[in-house]
Every structure is written in C-alpha cells, then in structure tokens.
Amino acid sequence: MKHKILPVVFLLFASLTVWAQSLTVTGVVMAQDEPDPVIGANVMVKGTTNGTITDFDGNFSLQAKVGDVLQVSFMGYKAQDVKVSSTAPIRVTLEPDNVQLQEVVAIGYGTMKKSDLTGAVSSVRAEDLQKTPMATVDQALQGKAAGVTVNANSGQPGAAAEIRIRGIGSVKSESTPIYVVDGVVLKDINFLTPSDIESMEIMKDASSTAIYGSQAANGVILITTKSGHTDRKAAISFNAYWGIQNRWRKLDVMNAMDQAQTEVLMAGGAKAITNWNKGFATWWQKTNNASGTNPYYPVNFDYAAHAATGGTDWQDEVFHKNALVHNYSLSIDGGGEWGSYLFSASYFNQDGTLHGSNYERLTLRVNSNFNVRKWLRIGENLSFSTSRSRNAMNNNASPQASVLSAALAMAPWDPVYYPDYAVNGLGESIGGQPSAASNFTNVVNPMSMIFNTEPNNKVQRWVGDIFIEIKPVEGLTIRPSLSMDLSNNMDRTFNYAYRYSNADYREHNSVGASMARYMTLTNDNVITYARDIQKHSFSIMAGETMQQYNYYSVSAGGQDIVNIDPKNWYIFNTKNDSTRTEGDAVARTRRLLSSPVCTIVTTIAILPLSTSVQMLLHDSRRAIEVYGAISRLWH
C-alpha cells in the first residue's frame, strides 16, 4: 500500500508544478462595430502590473498562468475579462460603450457628445471633487485630470492653488488658465465650494482660444454649478464633515547642547573654547554680553538647565496641533414643467497648521429658470460669498518676515517666553514676554510676529448672470445674457508697539487700512442653430461678447493710537499726523472679445441627399437670415 501511494503523490506534485508555470498567452483584440482590429488596447493580468498593448494588427503576447484573468480595455469600449485556460490563442471582441460616447460635455458656449468631440477635453465628476475636504475647487482638482498640474504655493488656509495645463506657455506672460462658471469668465474661483459643482471640463488645446481669444492661451476650465431637478418636488440635502490637520513632518535639527558645541568648534575661536570649557552658563553669558545692565536677558533664568533638557523645539511651538477643519452644506431644489430652482448655503472654516492663520467662508447661491412660454425661458445663476482670513507672515527669505524662518533661526536654548519671575540686569521685570534671540542679532522671536500683529482681511463677492433664451423656430436658440463679477476687498491691520531686543521691536503702534473694488461686466449674445435628422446632426453657433473691467482702491495708515482697544483701531484715532499716508488708484478696461465668432459642428453620414436634408439646409438659411437681422439691429 505504501509503494502505491508514492507514485500518486509524485504525479500530483508534478501536476501542480506544471499548473504554476508561466505560459506565453497570445491573442487578438477586435471591435464589434468595426471590421479592423483594435490598435493600442490595454491587456493586463488582473490584480498585477503585468500587461501589454496590442500592435498594429491587434495582436498581443504576454506571460500569464493558467487561471489568471486578462482584463482588456480601450477608450470608448466596455472592458472585458478573459480567463486563461490554455496556450490557445485568445480572440477578444470589445463592445462599444454607448453610454460613455453619448455623455454630454460643455465646450464653451455650448455642449457636445463625447463621440463628436475632436479637441482635448477632460471631464471631472462632481463626486470626485468632494472626496477630499478642500477649501476651494482648484485645490480639489489635484490629481483628477491628465495633463493638469496643481501645486499649492502657500500653506495658508484658503489660498488658491497654482494650476498649469500642459505646462507653461502664454502670449501674455501668464500661465494660469481662465475659469468659466455658468458662462461667466473669471480669473479665480475662491468663492465656489466643491459641493456646488455639477460638472467640470478642462479644455487643453488651441480650440479654447478660438472661443475665448488670447486670454484662453493657457487653457480653460469650464464649470457648471448644480441646478434644480424638474422631475420632483422640493428636496432637502445636507452634508457636513469635520477633520483635523497636522504638519506632515518637521526638519531634523540639533538640540541645544549639540548646536552650542557646534557653534563653538566652527567659529568660536580660542576664547570661546575656553569659556565653553568653564560650562554652558559661562559661555552663554560671555557670548551674549548678558551680564550687567543688558535689558533683554534675565539674570535669574537658568539657560544651562534649560539646554540640558534639550531646549526648545521651535517647530513644535509654531505649528498648530490638530488644527480643525469643518464644512456644512445645505441645499433645497425642485421643479416641474414650469422650470426649476435651487437654493444652497455652505459654511467652511479652517484653522491653519501654523499658529496665527485661519480662514472662514459663507457662500449663498441661487439657480433658477422659468419657462414663461414654450419659446421663452428666463433664468439666473447667482452666488454671494463673504470670507474672512488671517495669514501668518510667510516671506521665507527673511527670519524677520517669516514665522517658519524665525523658528528655525531661534536658538534652542532660548525659552519661548520668559518665566513670570524673570528680571533683567536693570532689575526690571520681563516675565511673560517672548524671549530675545541669543544666537543671532537680527532674529525675531516668531511669537512676536504671531501675537503683535492683528490682520483682518475680508472679501465680499457677487458672481452671476441673468439670461433670456428665445426659440422662435425649431432648432434655433437666441440667448442674450448679462454677467457680473463684483468683489469688495477690505483689509485692516493693527500692529502693537513692543521691544524684546534691538532687532525685535516696534517703536509705535500703527494701523493700516485699504479697500478695493473690482467689477467686470460681460454681455454675451449667442445664436445657435442645431438639428438632428435620422443619422445626421448639424449645429452652427455665432455670437459676440463685450466686456468692461473697473477697478478702484483707496488706502491709508497712521501711528500712535492712545487707547489701543480694538474698537479704536481706526486711522482718525492716530495722533502722529506726520506718519499718516493716503492714496487711491483707478483703472478701466473695455474690450470687444469677438464680433462675431462662428463655429460649425457637423456629423453627417454618407447618404444620398434626401428631402429631409434639403429641408435642413433651408432652415439653416432661415437661421442665418435671422442672425443677420439681429446683428444689424444690435450695431
């Protein structure tokens, strides 16, 4: 019995070895709706990084094991899984993904099916933008579209991200794209929240300049906000999230004793080495001239004991642990045959990971449209946002103008604040105040930057448009609209007077204020004619855009407010007339962006000319005649 079992076990082991070996799997990929093979289809072993693409004849070859699943995919077709069972050639036939091809995307002043699209346009779904909690839409766009680079130039809460589409290149020495929100051309979209977005398309090639001119040389980001559903009664939606933020990492720096010893060995000289050999306290006093009548250093604080425990980790002191971020969104929408409506409100609040920085924003939005007649529709898309921000000093080139740079420059043996009992060599109490830097003479304690300046920045912004849509004949749409982007910026900063050292001081308290108003008015007049007859589709669009930009600002400042209560932080309360400054500025630009621009899109099957096509051409002539009459009246 024993001799009979061994051959069976051996054969079983040999069989398993054969099944575990890799095989060369070959095959061809065809398309169900085309007689030709599919070139460049992806063939991957599911669950691995092992894959290849089909050649010019649709053939592929790769290593796989019996039982592996090959996943075959190609743009515009449904992905298909095929299980490897032998070395026999595999024939895969892909089915067209009609849902994907029929998806409608925005292309400037109109829409188009993806199957008819020839330009480079990427679409980003609304649910993808809401997966990551972000203050602004441009930040949420990071990693969502090919060829689009999103960089955060600043860690300030609410700061706009830098977006580059297909690299850097512009006729105007700028590299930022323009944004078109519900037809309104904008330079930034800080007023929008990701929960307000219905769809987003990114136009990446030269076709965008054909519509928006040279201002679109760096690409166009088209955003459509959510609107009410016409097939239901009022529906209420609420969304909220909370989170905490922390720095990703910190720089690895020396502790107090290591840094002191390094400074002595590198640049101290023989005298410094002698003082160091007498102990840390002697070296510190001699180096900083801290004995006698120095008013900035305490004579009863043990620097040596503080250094022996590792000293101050300044990075830990300036960063905010578990900084809170939270958002609340509420919307009500509905509609029927008469039209639709949507009201939404959202509140966003973010504490910065750096002390002294925060951002909060309230956004209100209304989108509605009404079918006044079968041939007449009116509507509007309006947004109002008000935001308040406080930014930490972040000029990283100077330790006197950046919280982070100052934190790295401060000596680790210096405390953050002097203890309450601290007195200087003159017998004066300096307890509780930020410490003076004792390693460099031009370094500012980062806490004095954070707590001795009170910036208050407010922005109120209105963005929206109103439109009338007229359909006098079948297929013809006339749409005049008026849009506005109005922004009021108000900045007020109060600076306390203080003195912690010869480098870290401000002789006089001061207040500065500025107000600026930006307003852009845009008038669009667009006529579109589109018809679908059997397998034929035809559309033509013509229009013009007029734009006016207005800017005005005023600013002033002064010093020496006697009563520094916050309610007195106004320039008329300053007493030093010689330091008062005033100024204002104004600018205006008017331009006709296009007069007119005409685009034609056709998708026509190769069939004999029929009566229906002749009727289509006749209607096209009517549409052009109507546009010509309106254009003459306009001018």
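The values are calculated or read from the model by the stated rules, or taken from the named source; none is laboratory data. Values in this document were obtained by computation on a predicted structure and should not be read as measured data. Cβ placement follows ideal geometry from the backbone for every residue including glycine, while neighbour counts extend to all protein chains displayed. All accessible areas refer to the heavy atoms of the entire protein, side chains included, with ligands and DNA or RNA removed. Shrake-Rupley method; radii C 1.70, N 1.55, O 1.52, S 1.80 Å.
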In the stretch 333-348, how many residues are more than 24 Å from Leu376 (Cβ to Cβ) and open to solvent by less than 30 Å² (accessible area, probe 1.4 Å)? 3
Looking at the stretch 548-559, can you tell me whether even one residue there is of a type outside the set (Lys, Arg), part of a strand (DSSP E or B), more than 23 Å from Leu486 (Cβ to Cβ) and touching a Leu at 6+ places or on another chain (Cβ under 8 Å)? no
All positions within the stretch 417-435 that are buried (at least 19 other Cβ atoms within 10 Å of the Cβ) and either more than 39 Å from the chain's Cα centre (by Cα) or modelled with pLDDT under 90 (or both): Tyr418, Ala422, Asn424, Ile430
Here's a check for you: in the stretch 454-492, which residue that is of a type in the set (Ser, Thr, Tyr) and within 27 Å of the chain's Cα centre (by Cα) is surrounded by the most Cβ atoms within 10 Å (Cβ to Cβ)? Ser483
Within the set of pairs 6+ apart or on separate chains, which have a first residue in the stretch 563-590 that is touching a residue at least 12 places away in the same chain (Cβ under 8 Å) and under 26 Å from Phe451 (Cβ atoms), a second that is of a type in the set (Lys, Arg) and surrounded by 10 or more Cβ atoms within 10 Å (Cβ to Cβ), and C-beta atoms under 8 Å apart? Trp569/Arg492; Ile571/Arg580; Thr574/Arg580
Candidate set: the stretch 70-99, residues that are out of contact with any strand residue (DSSP E or B) (no Cβ under 7 Å at 6 or more places or on another chain) and open to solvent by 70 Å² or more (accessible area, probe 1.4 Å); chosen: the one modelled with the highest pLDDT: Ser85
Would you confirm whether any residue within the stretch 236-247 is without any contact (Cβ under 8 Å) to a residue 40 or more places away in the chain and among the aromatic types (Phe, Trp, Tyr)? no
Somewhere in the stretch 354-375, is a residue in a strand (DSSP E or B) and in contact with a Pro (Cβ under 7 Å, 6 or more places away or on another chain)? yes
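From Phe370, Phe301, grab the single residue that is under 30 Å from Asp504 (Cα atoms), aromatic (Phe, Trp, Tyr) and either in contact with a His (Cβ under 6 Å, 6 or more places away or on another chain) or open to solvent by 20 Å² or more (accessible area, probe 1.4 Å) (or both).
When all the criteria are applied, what remains is Phe301.
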Would you mind finding the one in Met490, Met519 that is touching a Leu at 6+ places or on another chain (Cβ under 9 Å) and free of Cβ contacts under 8 Å to residues at least 40 places away in the same chain? Met519
Would you check which residues across the stretch 262-300 are at pLDDT below 85, among the small types (Gly, Ala, Ser) and on the phi < 0 side of the Ramachandran plot and list them? Ala267, Gly268, Ala270, Ala272, Ala290, Ser291
The stretch 493-502 - residue that is aromatic (Phe, Trp, Tyr) and crowded, with 19+ Cβ neighbours inside 10 Å and, of those, farthest from the chain's Cα centre (by Cα): Tyr500
In the stretch 552-569, the residues that are closer than 19 Å to Asn488 by Cα and either open to solvent by 40 Å² or more (accessible area, probe 1.4 Å) or aliphatic (A, V, I, L, M) (or both): Tyr552, Val554, Ser555, Ala556
Residue check, Leu330 against (1) part of a strand (DSSP E or B); (2) open to solvent by less than 30 Å² (accessible area, probe 1.4 Å); (3) touching a Phe, Trp or Tyr at 6+ places or on another chain (Cβ under 8 Å), all met but one. Which one? (2)
Quick one: Asn391 ticks every box in (1) closer than 22 Å to Met490 by Cβ; (2) touching a strand residue (DSSP E or B) at 6+ places or on another chain (Cβ under 6 Å) except a single one, so which number is it? (2)
Look through Thr309, Thr353 and report the one residue that is of a type in the set (S, T, N, Q), open to solvent by 70 Å² or more (accessible area, probe 1.4 Å) and either touching a Gly at 6+ places or on another chain (Cβ under 7 Å) or closer than 30 Å to Glu263 by Cβ (or both). Thr309
